[in-house]
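Here is the structure we will look at, set down as structure tokens.
The values are calculated or read from the model by the stated rules, or taken from the named source; none is laboratory data. It should be emphasised that the depicted structure is a prediction, and the values quoted were computed from it without experimental measurement. Cβ placement follows ideal geometry from the backbone for every residue including glycine, while neighbour counts extend to all protein chains displayed.
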Amino acid sequence: MESLAEEVGRVLTWRGWMLATAESCTGGGIAACVTEVPGSSAWFDRGWVTYSNASKCAMLGVDLTLIAQYGAVSEAVVGAMASGALARSAAQMALAVSGVAGPSGGSRDKPVGTVCLAWAWDGQVETVTRHFDGNRESVRRQAALGALEGVLARARGPVVT
């Protein structure tokens, strides 16, 4: 994952962007991964670990009615988390992750391994729901990889001048 974080850094530096993270199920793992890269302070602004619903609301401005209506593990909530992180930082790209890493906590609608990811940048917000297999560590790792791969895919888009 270190080489992926390094590539994220190269692409964000090329664009002149900084990254912010809003993490729930990954517990700060994405921020830890990107700050392992020497010089990441040039392209990583800040990160939030908002594990509780209250912290999502207080720190990122997520509307509690979204959580009540859709649940913390939902595209609506991660989209709001990413938007909140972008608005509360000096970053031009923000990612957000919320999921059910297990081994318990899943439901029929959202089984263990369900992870919602979001990216906010340049007036856009994109969300996706993924389903990862494996134990808690594996789900969290796959979520972090998916989030960083999503940053690359979006940051490599066309440069608007």
message: Among the numbered criteria (1) in contact with a Pro (Cβ under 8 Å, 6 or more places away or on another chain); (2) modelled with pLDDT under 95, which one does S104 miss?
response: (1)
One residue from T26, T35, T13, T21 being in contact with a Lys or Arg (Cβ under 6 Å, 6 or more places away or on another chain) and not small (G, A, S): T26
task: Scan the stretch 41-49 and give yes if some residue there is surrounded by fewer than 17 Cβ atoms within 10 Å (Cβ to Cβ), in a loop (DSSP other than H, G, I, E, B) and of a type outside the set (K, R), otherwise no.
output: no
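Okay, residues lined up against (1) in contact (Cβ under 8 Å) with a residue 60 or more places away in the chain; (2) surrounded by 15 or more Cβ atoms within 10 Å (Cβ to Cβ); (3) within 14 Å of G150 (Cα to Cα); (4) in contact with a helix residue (DSSP H, G or I) (Cβ under 6 Å, 6 or more places away or on another chain):
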residue: V62; (1), (2), (3), (4): no, yes, no, yes
residue: A68; (1), (2), (3), (4): no, no, no, no
residue: V77; (1), (2), (3), (4): no, yes, no, yes
residue: M81; (1), (2), (3), (4): no, yes, no, yes
residue: S98; (1), (2), (3), (4): yes, yes, no, yes
residue: G113; (1), (2), (3), (4): no, yes, no, yes
residue: V125; (1), (2), (3), (4): no, yes, yes, yes
- prompt: Restricting attention to the stretch 16-27, does a residue exist that is in a helix (DSSP H, G or I) and crowded, with 16+ Cβ neighbours inside 10 Å?
  reply: no
- request: Give just the number: which of (1) within 27 Å of V11 (Cα to Cα); (2) more than 14 Å from the chain's Cα centre (by Cα); (3) not aliphatic (A, V, I, L, M) does G71 not satisfy?
  value: (1)
- prompt: Is it the case that V34 is under 14 Å from the mean Cα position of the chain (by Cα), touching a residue at least 24 places away in the same chain (Cβ under 8 Å) and more than 18 Å from L4 (Cα to Cα)?
  reply: no
